[in-house]
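Following: one structure in structure tokens, then a few remarks.
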Amino acid sequence: MNVDFSGVWKANLEKSNILGARPKAMMAKIDHSDPELAEMVITQLNEIEDLLIFRGLTSGEEVTNFIGSLQVRSRSRWDGS
């Protein structure tokens, strides 16, 4: 049985190693129903909020997401599967 990562996750920024400007806050909302994985990440830097939305499949199938205008391809799967 695989873990369900659904929920709202808040980053502990004091214990995080972040490249670039350190945000004031960062949280992720994850909706996970195998094999679909959807993640919405909100980062607050000063008074500006940045929103990123990612979609993934835990089946190992390639998916395409965008970070601004940059196209990013990735694969994800459970370790040992």
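The table for this structure:
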read-out	value
Matching residues, the stretch 17-43, being farther than 18 Å from Arg75 by Cα and within 15 Å of the chain's Cα centre (by Cα)	Ile18, Ala25, Met26, Met27, Ala28, Lys29, Val41, Ile42, Thr43
Hey, Ser76 small (Gly, Ala, Ser) and under 13 Å from the mean Cα position of the chain (by Cα) or not	yes
Top-ranked residue of the stretch 37-53 - restricted to ones that are out of contact with any Gly (no Cβ under 7 Å at 6 or more places or on another chain) and over 21 Å from Gly20 (Cα atoms), ranked as surrounded by the fewest Cβ atoms within 10 Å (Cβ to Cβ)	Ala38
Matching entry among Ser59, Ser33, Ser69, Ser76 (being without any contact (Cβ under 8 Å) to a residue 60 or more places away in the chain, in contact with a strand residue (DSSP E or B) (Cβ under 6 Å, 6 or more places away or on another chain) and of a type in the set (Ser, Thr, Tyr))	Ser76
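No lab work stands behind these numbers, since they all come straight from the coordinates. Here the structure is a predicted model, which is why all the values come from computation and not from measurement. Don't worry about glycine lacking a Cβ; one is built from the backbone with ideal geometry, like all the others, and counts go over all protein chains shown.
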